[in-house]
Amino acid sequence: VGGSHFKWESEELKNVCAIARPNEPILLAEKNNLTTYERNAWNIVPGKGLVRFEPHAGVTVSYDCEFPEAGRALAESGVLIQCVPAWTESVRGFHRVRWSCLARAVENQTVVVHASLLGGFGREPIPFSYGSSAIIGPPIDPFPPDAILRETPLNEEGVALADIDLDVLVEARNQGEVRNWNDRNSGEYRVI
């Protein structure tokens, strides 16, 4: 899963990321939820859906991960690894995306790969960046108590690598000390 970039499509500017698969055509995942700046300054048009690809992976582009329904839709389609390519230019932006990645890992009991873009052009569209990348698991046994399997140093180029055994993930999901995925509300909450 590559970082997101701008792409003209039928005279509309979209924010997309490329997904490369062995012996398959490149897939493009569109960013669906746009920040105010993307809509007003860059005139980006929102995407129209999420991308799932085999074996059990899917993508939410940056801000998309901040909406629980996107991660849940992927998980309900069979996704066990949610990839989140992101660019954040502020401490607040980075933390919003990281905390959202942690939340998706808790509520869906999936692995979330948060890949932060670092560096910048010193001007628009990427003046500078702030962040770190991480591979996040659900905070249940046998995963780490803080959920972070691997993480790159803050604001430093790096690569985070971790072995992910999906059978272990599914077993932990079904037999762990908490079973958020199995115990999720399948209907609507009623506010009284």
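The values are calculated or read from the model by the stated rules, or taken from the named source; none is laboratory data. This is a predicted model, so every value here is computed, not measured. All Cβ positions, even for glycine, are placed from backbone atoms using ideal geometry, and neighbour counts span all protein chains on display. We work out accessible area using only protein heavy atoms, side chains counted, and drop any ligands, DNA or RNA first. Shrake-Rupley method; radii C 1.70, N 1.55, O 1.52, S 1.80 Å.
Where residues in region 34-47 are surrounded by fewer than 18 Cβ atoms within 10 Å (Cβ to Cβ) and not hydrophobic (A, V, I, L, M, F, W, C), which of them is nearest to E66 (Cα to Cα)? The selected residue is T35. Is it the case, given these coordinates, that V51 is open to solvent by less than 20 Å² (accessible area, probe 1.4 Å) and at negative phi? No; evaluated as a whole, the condition is false for this residue. With respect to the stated conditions, E30 fails to be free of Cβ contacts under 8 Å to residues at least 24 places away in the same chain and acidic (D, E). In the set (1) of a type outside the set (A, V, I, L, M); (2) touching a Cys at 6+ places or on another chain (Cβ under 8 Å); (3) in a helix (DSSP H, G or I); (4) more than 30 Å from N174 (Cβ to Cβ), Y37 fails one condition alone, (2).
Determine whether V168 is at pLDDT 95 or above, under 30 Å from A41 (Cα atoms) and either in contact with a Cys (Cβ under 8 Å, 6 or more places away or on another chain) or part of a helix (DSSP H, G or I) (or both). No; evaluated as a whole, the condition is false for this residue.
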